[in-house]
Amino acid sequence: MNHHPDAGQRQLLEAIESERAQLLDDARPEAMKRLAGRGRLSPRARIARLVDAGTFEEIGALASEEPEAGQPHPREKSPADGVVTGTARIEGRPVVVFAQDFSVFGGSIGKLGSAKTQRMVKIAIRRGIPMVMLLDGGGHRIQGGQNSRHFAHANGMFHDLARASGWIPMVALMLGAGFAGPTNYAGLADFVVMVRGQSVMGLAGPALVKAGTGEETDQDALGGAAVQVDKQGLADLGVSNEDDAFAAARRFLSYLPGNARKPLPLIETDDPANRGDEALLDVVPASTRRAYDMRPVIAGIADVGSVFEIKPTFAGNIITAFARLGGRPVGFIANQPLRTGGILDANACEKGAHFIAMCDAFGLPLVSLIDVPGFYIGSSAERTTLGRRSAKLIFEWGHASVPRVSVVVRKGFGLGYFAMNGGRAFDSDASFAWPSAQICAMSIEGAIDVAFRKDYMSAPDPQARRQQMIEETRAQTASIHAAEGFGVDDVIDPRTTRRRIIEIFEQAPPRREPDHPPKFRSIPPI
């Protein structure tokens, strides 16, 4: 290639474009063949499927190590230093994107590749635009990392990711191997998607685990989607293929502003605000011991087809979902009676707390649908440090500045009622109850057994007296009494829930004025 300074502009441009072309998929048939053998797409092909057609502008494509005399150009061995970076648009809105290239040293992070990804984070922060990470590779490149002259520098990537948190939406799509560095990137993201049977994540892969601990395991058992999505909740969604992962990223971003200072993305809807779903009248069983599915309640209130659940397979006793009300993005947090009666355990508290924080960061109003029998109790609950994890859920409500509405659908028992933003606990913009609501300090049967066991055991028919006391107490917990004591604003017809909430969110300012003492920060319980 002719790069002589005396060459004309056209010649120089042709030479550079010729070298750039050598980086593209068509010029790398062997690398593409290896990827295809793994059933994988190239990073550029993945980006093309994620973003709006023709909008990707690459940054740092020509980056390479210093050439050595008589040796092949480093670009041939490590094209783009193993990561494709740039800007694009998704549904017309600008984003930053970077994609690891597994065909280059297994997608490991080299010196220049690291510099490129860090620059993308800085661009995203400075421009205030979302970032999508397509992760498929290991952590630091061993070939260049076992050297203190280089590695002692570390870099500011994690500092910048921490700074970006709550400012710009960050999405991590785990599309293959994702141990070490990529897992830490994902840990700081707002939304993490894994492809079932393909993606793995964790702090170290099987080889390093065996070398360090002697434990023998395989990738799926260590960090597959069944573990990290369904059991641990480290990732938010497991999908069946990469196209579903790209679609999930696009949908997630559609509910959020480009950054925390931008307005919510409102859309036009032909779903009437005053639509009253008749099915809401019959969804709650007459017996408090019978379970029912809270998802149709959310669907009956939200705009038709707008519900997008976050972490649907983790901590199923609580539901967290984006949706729209009158075209406005909102967050729903709801107990799920189908799973352990909707009781709050450690995983549910962490799931709910993270969701509240994310909605609050980006300005989505919150709707809490309450049917909670309380917190999980017993030695197994204490082993999960539920005392602190439950406090995290309460902590996030106490810090949220977005509008919020609570609706007691059925049970509002104990501290769980507080933790779901019941009544006046966190100064809701509205606190409603359905006629089916029952609100009290603890489960009615438990209260009778703890406080009045001696009374009913001394009766001629202890069980009959116990049942009588249960019924008398249950009558005192009815929704009408909650309204009489003004613990809730009103007992409403379930069919009017949608209209009432839309009206409140239209009236409420998007943020509350700060009312915290003049501290520098709060200290999270965990």
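Selection of segment 278-314 for residues being surrounded by 17 or more Cβ atoms within 10 Å (Cβ to Cβ), among the charged types (D, E, K, R) and closer than 21 Å to T496 by Cβ yields R295, D303.
Selection of first residues in segment 36-52 that are part of a loop (DSSP other than H, G, I, E, B) and of a type in the set (A, V, I, L, M) and of second residues that are open to solvent by 50 Å² or more (accessible area, probe 1.4 Å) and at pLDDT 90 or above, restricted to Cβ pairs under 7 Å at least 6 apart or on distinct chains, gives the following pairs, ordered by first then second residue: V51/R89.
Of all residues in segment 218-237, those that are touching a helix residue (DSSP H, G or I) at 6+ places or on another chain (Cβ under 7 Å), of a type outside the set (A, V, I, L, M), in a helix (DSSP H, G or I) and open to solvent by less than 70 Å² (accessible area, probe 1.4 Å) total 0. Out of (1) modelled with pLDDT under 95; (2) outside any helix (DSSP H, G or I); (3) in contact with a helix residue (DSSP H, G or I) (Cβ under 8 Å, 6 or more places away or on another chain), the odd one out for R474 is which? Here R474 meets the rest and fails (2). S436 meets all of the listed conditions (1) surrounded by 24 or more Cβ atoms within 10 Å (Cβ to Cβ); (2) over 23 Å from the mean Cα position of the chain (by Cα); (3) closer than 20 Å to G300 by Cβ but one, namely (1). Is it the case, given these coordinates, that R328 is open to solvent by 10 Å² or more (accessible area, probe 1.4 Å) and touching a residue at least 60 places away in the same chain (Cβ under 8 Å)? When the stated conditions are applied, R328 passes them.
For segment 467-481, the candidate set comprises residues that are among the β-branched types (V, I, T) and open to solvent by less than 50 Å² (accessible area, probe 1.4 Å); within that set, the residue that is nearest to A425 (Cα to Cα) is T477. For segment 84-113, residues that are open to solvent by 10 Å² or more (accessible area, probe 1.4 Å) and either assigned to a loop (DSSP other than H, G, I, E, B) or in contact with a His (Cβ under 9 Å, 6 or more places away or on another chain) (or both) total 7.
Scanning segment 176-197 for residues that are within 16 Å of the chain's Cα centre (by Cα) and open to solvent by 20 Å² or more (accessible area, probe 1.4 Å) turns up N184, G187, L188.
Somewhere in segment 261-270, is a residue within 18 Å of the chain's Cα centre (by Cα) and in a helix (DSSP H, G or I)? Checking segment 261-270: not a single residue is within 18 Å of the chain's Cα centre (by Cα) and in a helix (DSSP H, G or I).
Among the residues of segment 141-172, what is the count of those that are of a type outside the set (A, V, I, L, M, F, W, C) and modelled with pLDDT of 90 or more?
Selection size over segment 141-172: 6.
Acidic (D, E) and surrounded by 15 or more Cβ atoms within 10 Å (Cβ to Cβ): is that true of E14 in this structure?
Working: acidic (D, E): yes; surrounded by 15 or more Cβ atoms within 10 Å (Cβ to Cβ): no.
So E14 fails the test.
One line per residue, one yes/no per condition, for (1) in contact with a Gly (Cβ under 6 Å, 6 or more places away or on another chain); (2) free of Cβ contacts under 8 Å to residues at least 24 places away in the same chain; (3) among the basic types (K, R):
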| site | (1), (2), (3) |
| --- | --- |
| P337 | no, no, no |
| Y376 | no, no, no |
| R383 | no, yes, yes |
| G398 | no, no, no |
| R404 | no, no, yes |
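When you go through G258, G212 one by one, which is the residue that is over 26 Å from G37 (Cα atoms) and assigned to a helix (DSSP H, G or I)?
When all the criteria are applied, what remains is G212.
Scanning segment 480-515 for residues that are within 26 Å of H354 (Cβ to Cβ) and free of Cβ contacts under 8 Å to residues at least 24 places away in the same chain yields E513, D515.
The set of residues from segment 406-418 being buried (at least 19 other Cβ atoms within 10 Å of the Cβ) and in contact with a Gly (Cβ under 8 Å, 6 or more places away or on another chain) comprises S406, V408, K411, G412, F413, G414, G416, Y417. Taking the conditions (1) touching a strand residue (DSSP E or B) at 6+ places or on another chain (Cβ under 7 Å); (2) at pLDDT below 95; (3) open to solvent by 20 Å² or more (accessible area, probe 1.4 Å) in turn, S64 satisfies each one other than (1).
Yes/no per residue for (1) open to solvent by 60 Å² or more (accessible area, probe 1.4 Å); (2) part of a helix (DSSP H, G or I):
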site: M442; (1), (2): yes, no
site: A447; (1), (2): no, yes
site: A459; (1), (2): no, no
site: R465; (1), (2): yes, yes
site: A483; (1), (2): no, yes
site: G487; (1), (2): no, no
site: R495; (1), (2): yes, yes
site: I501; (1), (2): no, yes
site: E506; (1), (2): yes, yes
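With respect to (1) surrounded by fewer than 23 Cβ atoms within 10 Å (Cβ to Cβ); (2) not in a helix (DSSP H, G or I), the lone exception for V200 is condition (1). One residue stands out in segment 365-401 among those that are open to solvent by less than 40 Å² (accessible area, probe 1.4 Å) and touching an Asp or Glu at 6+ places or on another chain (Cβ under 7 Å): the one that is modelled with the lowest pLDDT, namely A381.
The values are calculated or read from the model by the stated rules, or taken from the named source; none is laboratory data. Keep in mind that this is a model prediction, so the values were computed, not measured. As a convention, Cβ positions derive from the backbone with ideal geometry for all residues, glycine included, and neighbour counts pool all protein chains shown. All accessible areas refer to the heavy atoms of the entire protein, side chains included, with ligands and DNA or RNA removed. Shrake-Rupley method; radii C 1.70, N 1.55, O 1.52, S 1.80 Å.
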